[in-house]
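J.: My structure is below; once you've seen it, I'll send some questions.
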Amino acid sequence: MSETTSVRPIRTFHPRRGRMSPRHAAAVAEMWPAYGLTVVDGDRTPLDLTVLFGRNAPRVLEIGFGMGDATAAMAAAEPARDFLAVEVHTPGIGNLLALVRDLGLANVRVAHGDAMQLVHRLAPESLDAVHVFFPDPWPKARHHKRRLIQPGNVALLRRAIRPGGLLRCATDWPEYAAAMAETLAADPGLIPAPPESVPPRAGRPVTRFERRGRAAGRPIADLLFQRI
Ligand SMILES: C[S@@+](CC[C@H](N)C(=O)[O-])C[C@H]1O[C@@H](n2cnc3c(N)ncnc32)[C@H](O)[C@@H]1O
């Protein structure tokens with residue numbers, strides 16, 4: 001039975017309409033029953049990841065996968081890890097499900113909705129890593145409260161990561177990179193990941209928003225923190 005709460009959350013994403021192409025709509029129709037998960041605001045029902053993936057393997061939560069090309073590439077490169085990918089943008093959901101189908105990926109599940117709602121349903125220490133690649137920068141000061149990487153959200157994400165597991169963030173927005181570094185360093189349960197434990201950029205394909213940032217001449221910052 002679902003436990004629900006009624007507090008209206010602050011959104012970390014832009015409301016936007018998205019039209020699905022026929023290819024994406026067909027992938028959703030075909031793949032959603034086995035690979036999809038709807039995130040319901042306020043639902044706190046524990047999510048059993050072993051049931052969801054049909055096995056017990058290290059799990060990665062990827063937040064805001066965009067169109068999902070990088071997610072599919074990571075999942076294809078690491079078949080021994082399971083990827084729970086969450087996004088609110090519906091064309092991205094369709095595109096990732098089409099990639100999962102076309103590449104025959106058994107280790108991806110696609111969640112539609114707010115990641116910061118989904119994370120409440122995860123057991124403590126149930127994740128090997130959380131990936132937050134190029135989150136919306138919300139550059140205006142009055143919008144900073146919408147940033148994904150902020151103390152309350154980081155505490156929730158860290159709780160879901162196993163000791164020794166990683167919180168990986170990347171951004172092309174220098175001011176957000178500095179704020180992220182400060183927020184992550186201030187979390188009492190995180191330390192900068194020892195460089196020898198994770199080679200820089202290991203396993204992170206170039207994402208769509210990274211390409212945009214590079215094209216605009218913006219520097220790319222990767223931040224890797226480890227749960228203690
Ligand atoms: C700037 S895009 C980056 C997409 C992709 N990671 C990339 O690098 O190309 C940020 C994405 O995060 C999604 N997003 C933001 N907040 C989210 C949340 N709370 N839950 C799920 N997705 C979210 C947005 O819909 C958007 O597609």
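The values are calculated or read from the model by the stated rules, or taken from the named source; none is laboratory data. In this text the structure is predicted, and so the values were computed from the model without any measurement. Cβ sites come from the backbone with ideal geometry, for glycine too, and all protein chains shown count toward neighbours. Areas reflect the complete protein model, heavy atoms only, side chains present, ligands, DNA and RNA absent. Shrake-Rupley method; radii C 1.70, N 1.55, O 1.52, S 1.80 Å.
J.: Which of (1) at pLDDT below 95; (2) over 13 Å from Ile93 (Cα atoms) is the odd one out, the single condition Thr50 does not satisfy?
T.: (1)
J.: Okay, moving on. Within the range 86-95, is even one residue touching a Pro at 6+ places or on another chain (Cβ under 8 Å), surrounded by fewer than 22 Cβ atoms within 10 Å (Cβ to Cβ) and outside any loop (DSSP other than H, G, I, E, B)?
T.: No, the range 86-95 contains no residue that is touching a Pro at 6+ places or on another chain (Cβ under 8 Å), surrounded by fewer than 22 Cβ atoms within 10 Å (Cβ to Cβ) and outside any loop (DSSP other than H, G, I, E, B).
J.: A further question on this structure: Scan the range 49-67 and report the pairs whose first residue is touching a residue at least 60 places away in the same chain (Cβ under 8 Å) and under 10 Å from Leu84 (Cβ atoms) and whose second residue is away from the ligand (no atom under 16 Å from the Cβ) and in a helix (DSSP H, G or I), with Cβ atoms within less than 6 Å and a gap of 6+ or a chain change.
T.: Note: pairs meeting the criteria are Arg59/Leu49.
J.: Across the range 134-154, what is the number of residues that are on the phi < 0 side of the Ramachandran plot and in a loop (DSSP other than H, G, I, E, B)?
T.: Qualifying residue count, the range 134-154: 9.
J.: Report yes if Leu148 is closer than 28 Å to Glu30 by Cβ and of a type in the set (A, V, I, L, M), otherwise no.
T.: So Leu148 fails the test.
J.: Before we move on, is Leu97 out of contact with any Gly (no Cβ under 6 Å at 6 or more places or on another chain), near the ligand (Cβ under 9 Å from one of its atoms), aliphatic (A, V, I, L, M) and at pLDDT 95 or above?
T.: Taking the combined requirement at face value, the residue does not satisfy it.
J.: Of everything in the range 112-133, what is part of a loop (DSSP other than H, G, I, E, B) and open to solvent by 20 Å² or more (accessible area, probe 1.4 Å)? Give them in sequence order.
T.: Matches in the range 112-133: Ala123, Pro124, Glu125, Ser126.
J.: In the set Arg109, Arg55, Arg19, Arg44, which member is under 25 Å from Gly164 (Cα atoms) and assigned to a loop (DSSP other than H, G, I, E, B)?
T.: Arg55
J.: From the residues in the range 174-210 that are touching a Gly at 6+ places or on another chain (Cβ under 9 Å) and open to solvent by less than 70 Å² (accessible area, probe 1.4 Å), which one is modelled with the highest pLDDT?
T.: Thr207
J.: Given (1) crowded, with 18+ Cβ neighbours inside 10 Å; (2) of a type in the set (D, E, K, R); (3) free of Cβ contacts under 8 Å to residues at least 60 places away in the same chain, where does Arg147 come up short, assuming only one miss?
T.: Failing condition for Arg147: (3).
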